[in-house]
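Right, one structure below, let's go through it.
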Amino acid sequence: MTDQSTMAPHLRKPRTSLFSTFSRARATRPGETYGVPGQGNTTWLSVATIVALIFVWWAVTATGLVKPLFVPSPHSIVQKFVDVWVNGFTGAPLWQHILISTARVFGAFLLACAIGIPLGLAMGMSPIMRGIFDPPIEIYRPVPPLAYLPLMIIWFGIGETSKVLLIFLSVFAPIALGARAGVRSAAIEQIHAAYSFGASRWQVLRHVILPSAMPEILTAMRIGIGFGWTTLVAAEMVAATKGIGYMVLSASQFLQTSTVIMGIFVIAAIAYAFDLLMRFLERRLVPWKGKM
């Protein structure tokens, strides 16, 4: 038997100790060595930012640098929320204002998704559909909702229809255009492979194009619901007697700044909660987003 000391250096087995066996580094995953752009936990940084902003707000109001008429203190905002929750606003409880505004926004949002997503997919797949529907969408999309608010009143009156349609128009364009852009995310190799295996046009849409377009569609839905909440205040300017936007507008007419800021915070809280829900759905429905 040949002694290991007399063997050639390149034939000798490396000696590994017990410590080196357990301290050996694990294999890095793709993107881990240099990091994926934007990856990392920012929860504590976000919380610290919010706390710092609230502290600056409190310091400015406590030292009297700004009059309470313009910037009420955080404590007065909390007191106003409790007061409106207990006593209501203009004869209606706060939960009713929230429920009515939420129904208007999400009713328009669901209608925009039901029409905009199929239409956007059709525009992405068919040049005929794109040629027909792309010009009117691109023409009205940059127009502010307040510009066609009088037209909504003339055509549909001052009831709920004009309010919901106004919000619908602000949500519809980004969802339809997002779905159209999502069609381009499908790899042409996957489409050709599906056709080569005998898939029909509907099967290609269902199993190849729609999964590839889902990240763009979900992002467009998040953007669209933001436009919906932005348009809510304008929609509730029209003969509304209940709603968060109506509450904000009515309070501003009587210089009730604390009520205005409280209403803004309520809208922001509802919108942020829905955005967290959409992020959760993104992680569940499109776990491959950002990893391909």
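The values are calculated or read from the model by the stated rules, or taken from the named source; none is laboratory data. Being a predicted model, the structure only gives us computed values, none of them experimental. In this analysis, Cβ positions are derived from the backbone assuming ideal geometry, glycine residues included, and neighbour counts consider all displayed protein chains. Protein only, heavy atoms only, side chains kept; ligands, DNA and RNA dropped before computing areas. Shrake-Rupley method; radii C 1.70, N 1.55, O 1.52, S 1.80 Å.
All conditions in (1) open to solvent by 20 Å² or more (accessible area, probe 1.4 Å); (2) closer than 15 Å to Leu121 by Cα; (3) assigned to a helix (DSSP H, G or I) hold for Gly178, with the sole exception of (1).
All conditions but one from (1) open to solvent by 40 Å² or more (accessible area, probe 1.4 Å); (2) in contact with a Ser or Thr (Cβ under 6 Å, 6 or more places away or on another chain) apply to Met152; the one that does not is (1).
Which residues, taken from segment 207-240, are among the hydroxyl-bearing types (Ser, Thr, Tyr) and more than 18 Å from Gly107 (Cβ to Cβ)? Lay out the reasoning, then the answer.
Of segment 207-240, the ones among the hydroxyl-bearing types (Ser, Thr, Tyr) are 212, 219, 230-231.
Once the filter is applied, which keeps residues that are among the hydroxyl-bearing types (Ser, Thr, Tyr) and more than 18 Å from Gly107 (Cβ to Cβ), segment 207-240 yields Ser212, Thr219.
Which residue, of Ile167, Ile153, Ile158, is part of a loop (DSSP other than H, G, I, E, B) and closer than 29 Å to Thr241 by Cβ?
So the residue among Ile167, Ile153, Ile158 that is part of a loop (DSSP other than H, G, I, E, B) and closer than 29 Å to Thr241 by Cβ is Ile158.
For the subset of segment 135-149 comprising residues that are at pLDDT below 90 and open to solvent by less than 50 Å² (accessible area, probe 1.4 Å), which member is farthest from Leu166 (Cα to Cα)? Ranking the qualifying residues of segment 135-149, first place goes to Tyr140. Is there any pair with a first residue in segment 120-139 that is under 18 Å from Ser170 (Cβ atoms) and in contact (Cβ under 8 Å) with a residue 40 or more places away in the chain and a second that is open to solvent by 40 Å² or more (accessible area, probe 1.4 Å) and part of a helix (DSSP H, G or I) whose Cβ atoms are under 6 Å apart and which are 6 or more apart or on different chains, and what are they? Note: pairs meeting the criteria are Gly120/Arg180.
Before we move on, is Val84 in a loop (DSSP other than H, G, I, E, B), of a type in the set (A, V, I, L, M) and surrounded by 12 or more Cβ atoms within 10 Å (Cβ to Cβ)? For Val84, the condition - in a loop (DSSP other than H, G, I, E, B), of a type in the set (A, V, I, L, M) and surrounded by 12 or more Cβ atoms within 10 Å (Cβ to Cβ) - is not met.
The residues of segment 235-276 include none that are assigned to a helix (DSSP H, G or I), touching a His at 6+ places or on another chain (Cβ under 9 Å) and of a type in the set (D, E, K, R).
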